[in-house]
Amino acid sequence: MLTITDNAASAIRSLTSQPDLPDDTGLRIMTQGEGAPSFQLALTQGPAAGDQVVEEGGARVFLEPAAAGALEDKALDAQVTDQGDLSFRISDQAPPA
């Protein structure tokens, strides 16, 4: 199952805690295109039917079924650039300690 780093959880909480968004808002990850998977991310109000829900550190991520399969052994991380831009990155999960 996709894991969410502390940085990603913090970034998602920041995005979804805006006062004009419903409480059940989360980050949805969907596959797009053919061939090697690429992903689209969007804020959505609750999961769609069939979505896998991952909750860590107060952050909610909804994975559409194809994305859930492609990301089952991955980790979602986030970083903010010096210009203040937020980017998410998917990497292999760290081995257990």
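Carbon-plus-sulfur fraction of the accessible area of the chain, 1.4 Å probe, in percent? Of all accessible area on the chain, carbon and sulfur atoms account for 47 percent.
Rg and Dmax of region 6-53, based on Cα coordinates, read 12.3, 39 Å. Accessible surface for the chain, divided over its residues, is 61 Å² per residue with a 1.4 Å probe. Each pair of Cα atoms in the chain enters the Kirkwood radius, and Stokes-Einstein at 37 °C and 0.692 mPa s then converts it into a translational diffusion coefficient of 238 µm²/s.
Applying 1/(1 + (r/R0)^6) with R0 = 35 Å to the Cβ-Cβ distance of GLN45 and ALA94, what FRET efficiency is obtained, to the nearest 0.05? Don't skip to the end; give the middle numbers.
On the way: r = 32 Å, r/R0 = 0.90.
Calculated transfer efficiency: 0.65.
The values are calculated or read from the model by the stated rules, or taken from the named source; none is laboratory data. The model shown is predicted, which means the values in this text are computed figures rather than measured ones. In this analysis, Cβ positions are derived from the backbone assuming ideal geometry, glycine residues included, and neighbour counts consider all displayed protein chains. Accessible surface areas use protein heavy atoms only, side chains included; no ligands, DNA or RNA. Shrake-Rupley method; radii C 1.70, N 1.55, O 1.52, S 1.80 Å.
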